[in-house]
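Undergrad: Next up is a structure, given as structure tokens.
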Amino acid sequence: MKDASGRNINYLRISITDLCNLRCMYCMPQDGIEKKHHREILSLEEIYEVTKIAVDLGVDKVRITGGEPLVRNGIIKFIESIAQLEGIRDLAMTTNGLLLKEYAQELKNAGLDRVNISLDTLKDEKYKEITRGGNLKTVLEGIEAAKKVGLNPIKINTVIIGNFNDDEVEDFVGLTLKENIEVRFIELMPIGQASTWTKNKFISNSIIKDRISELMPIYDGDRHSPAKYYKLPDGVGKIGFINPISSHFCKYCNRIRLTADGRLKPCLHSNQEIDIKTALRHNIGDLRKLLEEAILSKPSQHTLNDLDHEPIVRDMYRIGG
């Protein structure tokens, strides 16, 4: 289905939980979050119903996110049910990787195609610091398990944070030299927890890219991808730059989001939300119509760089990565 700007909206990102087994500084409060009552969160059966309608409207690409999706009970059967929907051509998951070693084979068997792994440092102590207690070794073992079972291509999402990990850019780029790994550098976004300290820690991806003079631009055939891709001259993998602040990609945005508590978000960088949970549970309104309205109400572009931009209220763990 096309939105009001003529973009074909064929990508649904689904947050199945706002819970996480990490407390990353730019994502979650240090003391954790107040756990929602199970009635406040959509059941996996309800999420399936919404996804089924979205697929009927033309969605053929689905990404499961959180919080950390692998902490949700029933995740394997849920993925199995989504994978069996006729029309789905790409089913992926964003994860922090801590539970990936345990679940990689089951995820592949259930029909998951690939994984994106959030990883902001390759140094043990810094990882423990930014995640407030995470274990880097466990994540790296999870990445190896994902490669082994064929959850490819492995994509590593790295948020560049000034005076924290900007000195590791070359190390991340080096991961693509001999393996089919995509490292994607993402600009720090002023959302939720990050909104109070983004200005002091923000580094434009153009600065990062200029530090790696040997990069060769490549085109991966997907104009809807938020990343602009490059590779090392002899590299096997790819390096991507996602620039929501310095160079937005709104013109080609093809996605909408469903939050764990039952809200449709046409744009990540807007506080606009459409309540779909009430319709699901009380038969108020037509679900298909609500999805159509969400798609048609998608703004032509975000207002992040506008002086009157309204900061995003929700943290990323409540929206979905």
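Undergrad: Residue by residue through region 234-253, note down the ones that are in a loop (DSSP other than H, G, I, E, B), at pLDDT 95 or above and either of a type outside the set (A, V, I, L, M) or within 12 Å of Ile186 (Cα to Cα) (or both).
TA: The answer is Gly235, Gly237.
Undergrad: So which residues in region 171-188 are over 15 Å from the mean Cα position of the chain (by Cα) and under 11 Å from Ile239 (Cα atoms)?
TA: Once the filter is applied, which keeps residues that are over 15 Å from the mean Cα position of the chain (by Cα) and under 11 Å from Ile239 (Cα atoms), region 171-188 yields Phe172, Val173, Gly174, Leu175, Thr176, Leu177, Asn180, Ile181.
Undergrad: Conditions first: (1) of a type in the set (Asp, Glu); (2) farther than 25 Å from Lys209 by Cα; (3) crowded, with 20+ Cβ neighbours inside 10 Å. Glu144 passes all but one, so which condition is the exception?
TA: (3)
Undergrad: Follow-up. Exactly one of (1) at pLDDT 95 or above; (2) outside any loop (DSSP other than H, G, I, E, B); (3) buried (at least 22 other Cβ atoms within 10 Å of the Cβ) is unmet by Val159. Its number?
TA: Failed condition: (1).
Undergrad: Continuing with this model, one more query. Assess whether Asp3 counts as being under 28 Å from Lys289 (Cα atoms), buried (at least 19 other Cβ atoms within 10 Å of the Cβ), at pLDDT below 95 and under 21 Å from the mean Cα position of the chain (by Cα).
TA: no
Undergrad: crowded, with 17+ Cβ neighbours inside 10 Å, in contact (Cβ under 8 Å) with a residue 60 or more places away in the chain and not aromatic (Phe, Trp, Tyr): is that true of Val169 in this structure?
TA: No; evaluated as a whole, the condition is false for this residue.
Undergrad: For region 77-109, name all the residues that are part of a helix (DSSP H, G or I) and farther than 25 Å from Asp56 by Cα.
TA: Answer for region 77-109, where residues must be part of a helix (DSSP H, G or I) and farther than 25 Å from Asp56 by Cα: Leu100, Lys101, Glu102, Tyr103, Ala104, Gln105, Glu106.
Undergrad: Separate question: Report whether or not Leu22 is modelled with pLDDT of 95 or more, within 17 Å of the chain's Cα centre (by Cα) and aliphatic (A, V, I, L, M).
TA: Criteria not met by Leu22.
Undergrad: Let me ask something else. Considering only region 110-133, state which residues are surrounded by 20 or more Cβ atoms within 10 Å (Cβ to Cβ), out of contact with any strand residue (DSSP E or B) (no Cβ under 9 Å at 6 or more places or on another chain) and either among the acidic types (Asp, Glu) or not in a helix (DSSP H, G or I) (or both).
TA: None; the set is empty.
Undergrad: So which residues in region 271-280 are touching a residue at least 40 places away in the same chain (Cβ under 8 Å) and more than 11 Å from Ile319 (Cα to Cα)?
TA: Ile276, Lys277, Leu280
Undergrad: Go through (1) crowded, with 22+ Cβ neighbours inside 10 Å; (2) of a type outside the set (Ser, Thr, Tyr); (3) in a helix (DSSP H, G or I) one by one and return the number of the condition Ile53 breaks.
TA: Just one mismatch for Ile53, condition (1).
Yes/no per residue for (1) acidic (Asp, Glu); (2) farther than 29 Å from Cys253 by Cα:
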position: Lys2; (1), (2): no, no
position: Ser5; (1), (2): no, no
position: Arg39; (1), (2): no, yes
position: Lys52; (1), (2): no, no
position: Thr65; (1), (2): no, no
position: Glu68; (1), (2): yes, no
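Undergrad: Please indicate, with yes or no, whether at least one residue in region 46-57 is within 26 Å of Leu119 (Cβ to Cβ) and in contact (Cβ under 8 Å) with a residue 24 or more places away in the chain.
TA: The answer is no, given that none of the residues of region 46-57 is within 26 Å of Leu119 (Cβ to Cβ) and in contact (Cβ under 8 Å) with a residue 24 or more places away in the chain.
Undergrad: Those residues that are over 22 Å from the mean Cα position of the chain (by Cα) and within 19 Å of Ile319 (Cβ to Cβ), I need them from region 281-291; list them, please.
TA: Correct list: Leu290 only.
Undergrad: Here are some conditions: (1) of a type in the set (D, E, K, R); (2) crowded, with 17+ Cβ neighbours inside 10 Å; (3) more than 21 Å from Tyr26 (Cα to Cα). Arg211 meets all but one. Which one does it not meet?
TA: Going through the list (1) of a type in the set (D, E, K, R); (2) crowded, with 17+ Cβ neighbours inside 10 Å; (3) more than 21 Å from Tyr26 (Cα to Cα), Arg211 breaks only (2).
The values are calculated or read from the model by the stated rules, or taken from the named source; none is laboratory data. What you see is a predicted model, and the numbers here were worked out from it, not measured in a lab. Glycine also receives a Cβ, built like all others from the backbone with ideal geometry; neighbour counts cover every protein chain displayed.
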